[in-house]
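Here is the structure we will look at, set down as structure tokens.
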Amino acid sequence: MSERTATVNRDTLETQISVSINLDGTGQSDLNTGVPFFDHMLDQIARHGLIDLKVHANGDLDIDAHHTVEDTGIVLGEALREAIGDKKGLTRYGSFYAPLDEALSRVVIDLSGRPGLYTDVEYTRARIGDFDVDLLQEFFQALVNHARITLHIDNLKGKNAHHQAETIFKAFGRALRIAVSRDPRQTGTPSTKGAL
């Protein structure tokens, strides 16, 4: 059984980012983006996806966190695409509902080969601490563009913006875990096209 791992680096004038991923891990994480709330969200992906994830980023945080968060999405998306490989024998689809107290979110993933992000999320406030919630959309947009997946994110209820965001990342981790899982009955590519 081949290892489903990848390491991708991105070095620009705005950010230097390294991401390592193991889809068959145990949920271990080593995260240092310089943005504590974002690290907390990435940890949800690792723990709930049972994905070993290492993300180290050095970005222009003196301006704001935008480039760091978006570029992390780019690199994580590239690492996911590389680790997933040709998709033969995979479940392909994954969905999950995740609650946290009053908040509830649903995430649905298709390893379609076609990038698409569809969201219905209205955060109850614009900032969580000093973190701009608009950056979460930028992160997921960059991720789907480079992972080439279709992703639906719906926050169904919630009053606390931290809870809203956390349920999204927990549900994403769980849905991804399902989508990339191996199906022993699926010997080929899970598509009538024969390719994804």
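Each reported figure results from applying straightforward, stated rules to the coordinates on display, with no laboratory input. Keep in mind that what you see is a predicted model, and the values were worked out from it rather than measured. In this analysis, Cβ positions are derived from the backbone assuming ideal geometry, glycine residues included, and neighbour counts consider all displayed protein chains.
Straight-line cross-link reach from Lys159 at under 14 Å between alpha-carbon atoms covers these aspartates and glutamates, not counting any fewer than eight positions away in the same chain: Asp101, Glu102, Glu122.
Spin-label model, Asn160 to Ser2: label points 7 Å out along the Cα-to-beta-carbon direction sit 4.4 nm apart.
Could you calculate the FRET efficiency of Asp134 with Ser181 from 1/(1 + (r/R0)^6), where r is the beta carbon distance between them and R0 is 35 Å, rounded to 0.05? Once rounded, the FRET efficiency stands at 0.65. For the options Asn145, Asn22, Asn160, a Gaussian network treatment of the chain with springs between C-alpha atoms closer than 10 Å singles out Asn160 as fluctuating the most.
So, R0 is 22 Å and r is the distance between the beta-carbons of Arg127 and Glu102; what FRET efficiency does that work out to, to 0.05?
Details: r = 19 Å, r/R0 = 0.88.
Here the calculated transfer efficiency is 0.70.
Each helix, a run of at least 4 DSSP H residues, gives -39500 (n - 2.57); summed and divided by the residues of the chain, these come to -11000 deg cm²/dmol at 222 nm. Our estimate of slack between Asp39 and Lys88, defined as 0.36 nm per intervening residue step minus the Cα-Cα distance, is 14.5 nm. For Lys54, a cut-off of 16 angstrom between C-alpha atoms picks up these aspartates and glutamates, skipping any fewer than 8 places away in its own chain: Asp24, Asp30, Asp39, Asp43, Asp71, Glu78, Glu82. Charged side chains reduced to their Cβ positions (Lys and Arg at +1, Asp and Glu at -1) give the chain a dipole of some 1220 debye around its Cα centre.
How large is Rg over Rh for segment 55-100, taking Rg from the Cα atoms and Rh as the Kirkwood inverse mean of 1/r across Cα pairs? Write out the running numbers ahead of the final one.
Working: Rg = 15.3 Å, Rh = 13.4 Å.
Rg/Rh: 1.14.
For helix 66-84, what angle does its Cα long axis make with the longest principal axis of the chain, in degrees from 0 to 90 and rounded to 10? Here the helix axis deviates by roughly 10 degrees.
Which order, highest average first, do 166-172, 150-156, 6-12 follow once you tally other Cβ atoms within 10 Å for each residue and take the mean per peptide? If you can, show how the numbers build up before the last one.
Values: 166-172: 25.7, 150-156: 18.7, 6-12: 14.9.
Result, highest mean first: 166-172, 150-156, 6-12.
Think of the chain as having a plus end and a minus end, set by charges on the Cβ of Lys, Arg, Asp and Glu; of Val144, Ser29, Leu176, Leu176 sits farthest toward the positive end of this dipole. When the trypsin sites (Lys or Arg not before Pro) in segment 50-125 are filtered for DSSP coil states and for at most 13 other beta-carbon atoms within 10 Å of their beta-carbon, the remaining sites are Lys88, Arg125. Residues with amide H under 5 Å of Ile51's amide H, sequence separation 5 or more or different chain, H placed in the peptide plane at 1.01 Å from N; which? Amide H to amide H, under 5 Å and 5 or more residues apart or across chains, Ile51 pairs with Gly27.
Short-range pairs are left out: with C-alpha atoms under 8 Å and at least six residues apart, the relative contact order of segment 5-179 is 27 percent.
In the P(r) worked out for the chain, what percent of Cα pairs fall beyond 24 Å? Show your work: numbers first, answer last.
Values: 6691 of 19110 pairs.
For the chain, the fraction of Cα-Cα distances above 24 Å is 35 percent.
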